[in-house]
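One structure is given below, encoded as structure tokens.
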Amino acid sequence: MKTVQILLAGLAALSVSGCVSAGNVDKTVELSVGQTRHLTAYRAEGCGGTPPSFAALAPRLPKSKVVRYSDGGPSSRNSRQCGKRVPTRAINATGIAKGEEVNRYQDTIRIVVR
């Protein structure tokens, strides 16, 4: 019985922690060391508001050992939550080391740097 309780507690902790793995990604971004590609885009809290600045977003981005983030400028994306195209702030990634990571942004993204 104790083993079952520990197992259930562990599963609950994983589900709450936002555990991400390569098996549950929304998209994969592949790039080479030194190459810069669009990674994701963040919208405002409201569906029609002004998107956040890169300076406001940078501290919220996951730490990475394989990419460096940069401002991709103003952009737009289709938002499932808003049900329409909304203004966003694009985030670019530049490969800095070979490797692979899965991180949670507004979507779960697998990054592969070759």
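The values are calculated or read from the model by the stated rules, or taken from the named source; none is laboratory data. Bear in mind the structure is a predicted one, so any value in this text is a computation, not a measurement. Here the Cβ is made from the backbone with ideal geometry for all residues, glycine too, and neighbour counts use every protein chain on show.
State the number of residues belonging to segment 76-114 that are acidic (Asp, Glu) and modelled with pLDDT of 95 or more.
Selection size over segment 76-114: 2.
Going by the conditions given, is residue 73 on the phi > 0 side of the Ramachandran plot, modelled with pLDDT of 95 or more and surrounded by fewer than 16 Cβ atoms within 10 Å (Cβ to Cβ)? Taking the combined requirement at face value, the residue satisfies it. On the stretch given as segment 28-52, residues that are in contact (Cβ under 8 Å) with a residue 12 or more places away in the chain and either exposed (fewer than 11 other Cβ atoms within 10 Å of the Cβ) or more than 18 Å from residue 89 (Cβ to Cβ) (or both) total 8. Among residues of segment 20-77 being under 12 Å from the mean Cα position of the chain (by Cα) and part of a loop (DSSP other than H, G, I, E, B), the one that is nearest to residue 113 (Cα to Cα) is 64. Restricting to segment 12-68, and then to whatever is under 29 Å from residue 83 (Cβ atoms) and acidic (Asp, Glu), can you tell me which residue is modelled with the lowest pLDDT? In this case the residue turns out to be 45.
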